[in-house]
Each structure stands twice: as C-alpha cells, then as structure tokens.
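This report concerns only the one structure given below.
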Amino acid sequence: METPTVPDTADLYLSLLKRILVNVIYEDPAIPNPLVSGDGHDREARNAGVDWPSVAHTMVGMPRLDNVEMCLKQVIADGVPGDFVETGVWRGGVCVFARGLLKAYGVEDRKVWVADSFEGIPEVGEGSHPLDRELNLHAFNEVLGVSEETVRENFRRYGLLDDQVEFLPGWFRDSLPDAPIEQLAVLRLDGDLYESTMDALTHLYPKLSVGGYVIIDDYMIPSCKEAVHAFRAKEGLEADPLVEIDAYSVYWRRTC
C-alpha cells in the first residue's frame with residue numbers, strides 16, 4: 001500500500017485563508033454595485049472579484065489572490081529583497097493574506113505596508129483627470145471608505161497584526177513621497193484613478209528591486225490603464241511585458 005502524500009501545511013493554510021477572505025465559505029450577499037447587475041451572492045462574480053461584498057474582507061476574487069501568492073512566493077524563492085505594499089486596501093484582505101503568507105513561510109525580514117486614505121476615493125474636481133471625473137467613484141465612498149481601525153481589527157481577527165505590518169494613512173499624494181519604505185519586492189496598486197495610480201508608481205516604483213513585481217488591480221478602468229501606459233512609456237519599460245491576471249488586472253516583473 002502506497003503511503004499517501006501529505007499536503008503542505010503552509011499551502012493548506014493559504015488556500016483556506018484565501019477562501020475565507022473572499023468568503024466563498026458563508027457566501028455573504030453583495031452590496032449593490034453600479035458596475036455589476038444582480039444582488040445576493042453570485043459565486044462566479046465573487047470568485048472573479050467583480051462584486052462588492054457585504055462582509056468579505058476583500059473584493060479582488062480568487063485569481064488576483066492567487067497572483068499575489070505567486071509573486072510573493074517567487075520573490076522569496078529568488079531572494080529578491082524588499083517588502084510588500086498595497087496602495088488602496090479597502091477592508092485589508094489582500095494585505096492580511098500577504099502577512100499570512102510571510103508568517104506561513106517563516107519570513108521575518110519583510111514587512112507588509114498598508115497604504116490607504118481610509119476615507120475612500122479622493123474627490124475629483126475641475127483639475128482632475130477627465131476620466132477620473134467621468135468615473136466619479138468618490139460618490140460611493142460610503143462603501144469604498146473603510147477606517148484604519150476597521151482594517152487593523154481585521155488583521156487582529158486573523159492573528160496577524162504585529163510589528164511586520166505598517167500603516168500609511170493619507171491621500172497618496174501626501175503619504176507616499178516621504179513614506180519610510182526602503183525597498184520593495186511586490187508593489188500592488190488598487191487606487192482606481194489616474195492620479196492615484198500615477199502617484200503610487202512615481203513614488204514607489206523607484207524602490208522596487210530588480211526581480212520584483214508590479215500588480216495593477218484596476219487595469220480595466222480606462223483612467224488607471226492610461227496612467228500605467230504613460231508611466232511605462234516615460235520610464236522605458238517596454239521590455240517588461242504586461243501579463244494578464246484576469247479580465248481586470250495585469251502585472252509585470254522588473255528586469256532592470
């Protein structure tokens with residue numbers, strides 16, 4: 001009789017953590033979303049990350065969490081130095097997952113940076129990018145704005161709030177230029193707007209190690225996509241191809 005293969009306990013933990021963060025376990029209903037029709041709990045929409053969960057701690061869905069897992073595991077395996085940062089965290093689920101992965105693999109020399117206004121999307125005006133004005137996402141800040149204390153409490157609930165988690169509160173134009181981040185291995189952007197995307201890339205990309213990853217959650221949004229392409233053209237990043245994660249998101253790996 002063959003000895004059964006014992007599953008890797010770290011991977012079992014991470015698989016369960018993802019399912020809990022997305023909440024495909026208890027299937028909470030969605031909050032009405034102007035971009036997505038339907039209500040209740042739609043399994044396909046939740047897995048794809050296209051609804052606004054009423055309870056779940058992330059709205060990014062499974063493929064994008066799988067991508068975060070892949071990027072973090074790869075930089076750890078390759079010895080790429082630096083921390084993880086997400087700019088725009090909502091309820092903090094992606095950052096909770098990043099901290100959980102570092103803990104599962106016994107990584108004690110990397111931090112998870114949690115960067116958010118904790119007030120929602122910046123209000124757009126006459127001086128804002130036209131596509132940001134058209135999107136008008138700040139009108140939904142009742143859903144999109146989550147307080148810092150709520151995010152901290154979510155980390156506590158998973159037993160993952162410790163000195164490897166750092167919070168960067170404030171609008172990105174104010175918080176990121178002087179952020180005390182020394183080096184990054186994974187830079188994940190989820191700020192939706194042209195301005196927020198450009199602020200994050202301008203101030204944090206120079207801190208990304210060669211071999212590190214940039215993840216763009218909102219690439220499907222025209223304003224975000226325009227900012228990504230403008231930055232990449234300015235920095236001459238054509239040699240680092242954009243790789244599709246799902247229908248909404250992309251990433252690339254820094255090669256030089």
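The values are calculated or read from the model by the stated rules, or taken from the named source; none is laboratory data. Note that this is a predicted model, so its numbers are computed, not measured. Here Cβ is always computed from backbone atoms with ideal geometry, including for glycine, and neighbour counts include all displayed protein chains. Surface areas here come from the heavy atoms of the whole protein model, side chains and all, with no ligands, DNA or RNA. Shrake-Rupley method; radii C 1.70, N 1.55, O 1.52, S 1.80 Å.
Listing for the model above:
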{"item": "Given (1) touching a residue at least 40 places away in the same chain (Cβ under 8 Å); (2) more than 15 Å from V186 (Cβ to Cβ); (3) in contact with a Ser or Thr (Cβ under 9 Å, 6 or more places away or on another chain), number of the condition V228 does not satisfy", "result": "(1)"}
{"item": "Residue check for D51: open to solvent by 30 Å² or more (accessible area, probe 1.4 Å) and farther than 15 Å from V151 by Cα", "result": "no"}
{"item": "Strands (runs of 3 or more DSSP E) wholly inside region 147-256 that include at least 3 residues being at pLDDT 95 or above and of a type in the set (F, W, Y)", "result": "none"}
{"item": "The lone exception for L14 - which of (1) open to solvent by 30 Å² or more (accessible area, probe 1.4 Å); (2) within 20 Å of the chain's Cα centre (by Cα); (3) over 30 Å from W171 (Cα atoms) it fails", "result": "(1)"}
{"item": "All positions within region 209-223 that are in contact with a strand residue (DSSP E or B) (Cβ under 7 Å, 6 or more places away or on another chain) and either without any contact (Cβ under 8 Å) to a residue 40 or more places away in the chain or within 19 Å of R64 (Cβ to Cβ) (or both)", "result": "G212, Y213, V214, I215, I216, D217, Y219"}
{"item": "Criterion: crowded, with 17+ Cβ neighbours inside 10 Å and under 23 Å from L14 (Cβ atoms) - qualifying residue of R91, R156", "result": "R91"}
{"item": "In region 111-152, the residues that are open to solvent by less than 70 Å² (accessible area, probe 1.4 Å), under 21 Å from A230 (Cα atoms) and touching a Pro at 6+ places or on another chain (Cβ under 9 Å)", "result": "S128, L131, D132, L135"}
{"item": "Flag for K234 being free of Cβ contacts under 8 Å to residues at least 60 places away in the same chain, surrounded by fewer than 13 Cβ atoms within 10 Å (Cβ to Cβ) and on the phi < 0 side of the Ramachandran plot", "result": "yes"}
{"item": "Filter pass, G61 being under 12 Å from the mean Cα position of the chain (by Cα) and at pLDDT 95 or above", "result": "yes"}
{"item": "Filter pass, G79 being of a type outside the set (A, V, I, L, M) and open to solvent by less than 40 Å² (accessible area, probe 1.4 Å)", "result": "no"}
{"item": "Sole exception among (1) open to solvent by less than 10 Å² (accessible area, probe 1.4 Å); (2) in contact with a strand residue (DSSP E or B) (Cβ under 7 Å, 6 or more places away or on another chain); (3) not β-branched (V, I, T) for F97, by number", "result": "(2)"}
{"item": "Test: residue in region 117-132 that is of a type outside the set (S, T, Y), farther than 19 Å from V80 by Cβ and within 14 Å of the chain's Cα centre (by Cα)", "result": "no"}
{"item": "Test for G106: is it open to solvent by 40 Å² or more (accessible area, probe 1.4 Å) and at positive phi", "result": "yes"}
{"item": "Filter pass, R19 being at pLDDT 95 or above, among the charged types (D, E, K, R) and surrounded by fewer than 15 Cβ atoms within 10 Å (Cβ to Cβ)", "result": "yes"}
{"item": "Every residue from region 151-176 that is closer than 19 Å to P122 by Cα and either touching a Cys at 6+ places or on another chain (Cβ under 7 Å) or not aromatic (F, W, Y) (or both)", "result": "V151, L168, P169, G170, R173, D174, S175, L176"}
